[in-house]
Amino acid sequence: MGLLIAASGPVIPNFGGASDKCAVNNGFFCWNWFTQHWGSTFGPAVVQHIILTAIAVGIGFAIAFALALLAYRFDWMETPIAGISSFLYTIPSLALFQILVPFTGLTRLTVEIALVSYTLLLLFRNIVTGLREVPEEVRDAARGMGLTQRQILLRIDLPLAVPAIFAGLRVATVTTISLATVAAFVVDEGLGAPIFDAISRGNFKTEFVAAAALAILLAWVADLLLVALQRMVAPWAAKRRSSVVPRSVVRAIRGRRRPISAVRET
Amino acid sequence: MQTEDDTAQSSSPRQHARAAELEFKNVSKRYPGADKPALRDLSFKVPAGEICVLVGPSGCGKTTAMRMVNRMIDITEGDILLDGKSVRGRKPAELRREIGYVIQQIGLFPHLSIGDNIATVPRLLGWDRKRISARVDELLELISLPAETRDRYPAEVSGGQRQRVGVARALAADPPLMLMDEPFGAIDPITREHLQNEFLRLQEALRKTVVFVTHDIDEAIKMGDRIAIMREGGVLVQYDTPDRILADPADEFVARFVGLDRGLKRLALSKLSDLSLDDADSVRDGTPAHGQANPDRVVFVDGQSRPVGRLGRDREPEPIGPVGNPDTSLRDALSLIMSDDNRPLVVVDADGAVAGLARLDVIAGALASHNGRDAPAEARS
Ligand SMILES: Nc1ncnc2c1ncn2[C@@H]1O[C@H](COP(=O)(O)OP(=O)(O)OP(=O)(O)O)[C@@H](O)[C@H]1O
Ligand SMILES: [Mg+2]
């Protein structure tokens, strides 16, 4: 189909204007070239990247949250939901684009469907685990003091699941930021766009390095912001003596790391 | 009930002595799928303001019995009456807010501060902010926790303090009945004893009706006004005062459960203040005391008549050893006497002045006189 990479013809090196010596020589990183193109290329790409990620994580979180509440309430639903989200998770992103493009075209929608699918498993798993790891005696005490089912969910279970939920959000966000570069296969948006542009110019290093560095920086900043947000939402978690996140959640996240990088490399 | 709480807001949040009578009437419990009942025809009555201890080996149904009171578990047969009214018709959540409940594992909410933990039930009952805040302060003081712990999280206080907070949380809305399931279970013996004493001191003031579960007979004897001894299969074997259970176990099971040292355990129930003491021959320190007839009775005292020494068996003065006070248990007194060559124990009063001497045979005599105290011991199933 009409994917960008297939459309690009033979590479004619074009390292961005004769005026910039560093760029013409394809230096590792030309600061001048970068600042000159911040307004036209990188700035907008960063903003688009943030929007792509925020929409994906936001929608993914909403869906995963609803599914997790269902699975928490009705045990039997967990296996099928986890099965489907695992399946979505294992589809390589390029293959998923190929499947979606005939239906949704070369649009942002295609990208978001793919990105959301990848967040589901991580978020769902973490929210469910977080809810299930609420110590039984805490829930029992709550019931014994006269909290209703609903009050227990809202005042006990969900607040106590916050560290696990944030652990999931952090991994999902960082993963999505990294995955969103692949969006440039479908739409000319995000930090993937300058990367493709750099390739099409014959591996123009400055543009390539700048885009990659910005993606990493973005992931790092997003992670920090989430940590800060968690501190605000669940200040108690930082004061717990031992594990802030229940061990099984850590295990769940670690277990998932490998397939993420596998997807990333496609 | 609710409206009563609301209108009571103007009055101070002090405990008004509210306690409810609790009655089990032929209560049975069969868990779904179990072939044997967990509780069989349980009947007993806890008078308002008393501590009833449920004690028995693991799996005999203590927790089951307790949790049926606040409808955490459904009653299969029979009924439980709280202040004469059946709990079966009550809405569980509402009923539970009226009953203080301390679960064995404490179960403090880790995401809420100590203060917010304590405020849980008052909030559910819709008390106003000021009243809740005042109540939290009052309870922190009651359980002798420093005021600054109010804003700490449960993970930031010690295990013993958490245990106290669990009790305070259950007391928060001043419930007429407290259910305490092994509240001092997982804790070192010294802290445990401290918490027990503290709770008894609290109870002296609060006079709640308390159902207290333990599998430790010593704790049962110490805490209980009455003890319900249960055995495997959820059968109540004996329901009586600690003294009666120790003096007259209903059957072989109870006798084995309370242990061969039940005589000594009974001694632990009485204090030196229950005993008539002998007079001591107080001699001002520094003056010769050789003329005295019985060296055991001689106590050298200082200007405030506090004991500083005794006359040894060899009639030579020696420094004073351990002394008893009115709160010393007869068991401890006996132990002190026997480790001091059976000499009478010097007992001091609250000011530390010599009050008298406790003799070995007087202590032994106290045990014997107890036996005849509550006469018809046979009239029991
Ligand atoms: N939810 C349940 N379903 C089925 N059987 C149960 C359930 N809870 C308890 N039982 C059974 O009922 C009996 C009494 O249990 P219970 O927990 O009341 O004992 P307990 O006296 O509190 O013991 P422990 O001292 O170990 O806490 C046991 O045989 C137990 O296996
Ligand atoms: Mg139990």
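Nothing in this text is a laboratory measurement; each read-out follows from the coordinates by a stated rule. Just so it is clear, the model here is predicted, and its values are computed rather than measured. Note that each Cβ is placed from the backbone with ideal geometry, even for glycine, and that neighbours are counted across all protein chains shown.
Side notes on the structure shown:
- 5 angstrom amide H check on B:Leu39, placed H, neighbours 5+ away: B:Lys29
- The stretch B:122-223: chymotrypsin sites (Phe, Trp or Tyr not before Pro) falling in loop per DSSP and having at most 11 other Cβ within 10 Å: none
- Qualifying aspartates and glutamates (Cα of each under 14 Å from Cα of B:Lys265; at least 8 residues distant if same chain): B:Asp216, B:Asp218, B:Glu219, B:Asp243, B:Asp248, B:Asp332
- Share antiparallel - DSSP beta bridges, the protein assembly as shown, percent rounded to 5: 55 percent
- As a proxy for reagent exposure, ranking A:Asp20, B:Asp174 by other Cβ atoms within 10 Å from fewest up yields A:Asp20, B:Asp174.
- Counting every other Cβ atom within 10 Å of each residue's Cβ, A:His49, A:His37 order from fewest to most as A:His37, A:His49.
- Listed by chain and number, the lysines placed with their C-alpha closer than 27 angstrom to that of A:Lys21 are A:Lys205; residues fewer than eight positions away on the same chain are left out.
- Per-selection metrics, the stretch B:229-336 (Cα): Rg and Dmax in Å: 21.0, 68
- Its Cα gyration tensor gives the stretch B:272-380 an equivalent ellipsoid, and the semi-axes of that ellipsoid, as √(5λ) in whole Å with the largest first, are 31, 14, 11.
- Residue order for B:Thr209, A:Thr79, B:Thr63, B:Thr287, fewest other beta carbons within 10 angstrom first, comes to B:Thr287, A:Thr79, B:Thr63, B:Thr209.
- Measuring against 22 Å, Cα to Cα, the residue pairs B:Lys29/B:Lys62; B:Lys25/B:Lys85; B:Lys29/B:Lys208; B:Lys85/B:Lys208; B:Lys130/B:Lys208; B:Lys45/B:Lys271 contain B:Lys29/B:Lys208; B:Lys130/B:Lys208; B:Lys45/B:Lys271 as the ones spanning a longer distance.
- For the peptide A:132-139, the mean number of other protein chain Cβ atoms found within 10 angstrom of a residue's Cβ is 3.
- C-alpha long axis of helix B:159-171 to longest principal axis of chain B, angle in °: 60 degrees
- Here the stretch B:219-285 has an Rg and Dmax of 17.0, 64 Å, counting Cα atoms alone.
- Loop-resident trypsin sites (Lys or Arg not before Pro) (DSSP state other than H, G, I, E or B) in the stretch B:231-334 with no more than 16 further Cβ atoms inside 10 Å of their Cβ: B:Arg313, B:Arg315.
- By the Kirkwood approach, averaging reciprocal distances over each pair of separate Cα atoms, chain B gets a hydrodynamic radius of 23.4 Å.
- Pairs of alpha carbons in the protein assembly as shown whose separation is greater than 39 Å (percent): 54 percent
- Space enclosed by the convex hull of the alpha-carbon atoms of the stretch B:26-67, per residue, Å³: 80 Å³
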